[in-house]
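Beneath this line is the structure, given in structure tokens, with notes to follow.
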Amino acid sequence: MTRTTLNRVLRRIYVLVFLVVSLALGSRFAEFVPGLPAALIDAGSRVYDVLRDMSLLIATAGVAYVTNIFQKRSKFVESLEEEWRGIVRTKSALYAFCEKPYPSTDDYLAAFCRISETIDNMRIVYRNVGETDTLIGLYPYAPLHDMRRALQSIDPRKRTNIPAEERKLARDAILQSFYALREIFLEELDLEQPTHSLLISGAKRLKASGTEKAARRMQDSQRRLQQSRTAVPNEADLLLSRLYAVEQAEQSSKDAVVGAMPPDQVRGRDS
């Protein structure tokens, strides 16, 4: 179920709920409206009684219907995500084929089968645009076929001496088609911007080395407990203790060097 279909169904549900609630309120308070005929007030009272008696059934049916709608949406999104992962893997396979200096027939057949599978797998997600019982319609994402055509233009079975420039051109055409497809295909997934993004190139960690004193005390306590319950250390224990001591000494030296640096250089270092 696409996002457009989901929104259309939800709008219908909102309208239906509004009408039912309006009918219930109007029936309940009809007797307080001056000038209404007694027959109409009596009919309103009976309608209200029916709605009240059927409220549990109506609510249960509504919840079940809405749950079914969102389950269909969830399954559709899962299928869409899996299809996109297949498209990305296909792009990588075609790119690798174009970058090979001497691609073989087996390499070509593997890449062609990959793009062919991706094209056919789209049919379990979307139907063709304009498809009817008698008309095939149009494939919903033409760039996939553009990627296939670009791959077929460098088929090593037809020509064994394809120049590197032609393979590069096919690679560029495949990437261009992929980028065009990505811009449109992912719109259906309702993607949002990350709350905590990292937008600068060459970013480094902002946290400094070290830990809270409570964690150090816990570490020392565990070490004392371990030593009290362990017999004479074996060679492996001695090796690990020596390596740990060396690592801690190196880290202390590094922290001392950083501590001597100006604050503007310390900020943002990668520890």
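For this structure, a couple of remarks:
- Within the stretch 150-166, tally of residues that are part of a helix (DSSP H, G or I), surrounded by fewer than 18 Cβ atoms within 10 Å (Cβ to Cβ) and touching a residue at least 12 places away in the same chain (Cβ under 8 Å): 3
- The single condition from (1) surrounded by fewer than 16 Cβ atoms within 10 Å (Cβ to Cβ); (2) outside the structural domain of ARG12 (by TED's automatic domain parsing) that VAL66 fails is (2).
- Single residue of the stretch 188-215 satisfying the filter (at pLDDT below 90 and charged (D, E, K, R)) that is nearest to GLU83 (Cα to Cα): GLU188
- Condition met for LEU10 (surrounded by 12 or more Cβ atoms within 10 Å (Cβ to Cβ) and at negative phi): yes
- Any chance LEU238 is of a type in the set (A, V, I, L, M), surrounded by fewer than 10 Cβ atoms within 10 Å (Cβ to Cβ) and either at pLDDT below 90 or in contact with a helix residue (DSSP H, G or I) (Cβ under 6 Å, 6 or more places away or on another chain) (or both): no
- Condition check for ILE174: part of a helix (DSSP H, G or I), hydrophobic (A, V, I, L, M, F, W, C) and touching a residue at least 60 places away in the same chain (Cβ under 8 Å): yes
- Inter-residue pairs, beta-carbon under 9 Å, first in the same structural domain as VAL20 (by TED's automatic domain parsing) and in the stretch 35-56, second of a type outside the set (Lys, Arg) and part of a loop (DSSP other than H, G, I, E, B), 6+ apart: ILE41/VAL33; GLY44/PHE29; GLY44/LEU36
- Helices (runs of 4 or more DSSP H) within the stretch 1-119 that include 3 or more residues at pLDDT 90 or above: 3-28, 55-99
The values are calculated or read from the model by the stated rules, or taken from the named source; none is laboratory data. Every value quoted in this text rests on a predicted model; they were computed, and no experiment measured them. Virtual Cβ from ideal backbone geometry, glycine too; neighbours counted across all protein chains shown.
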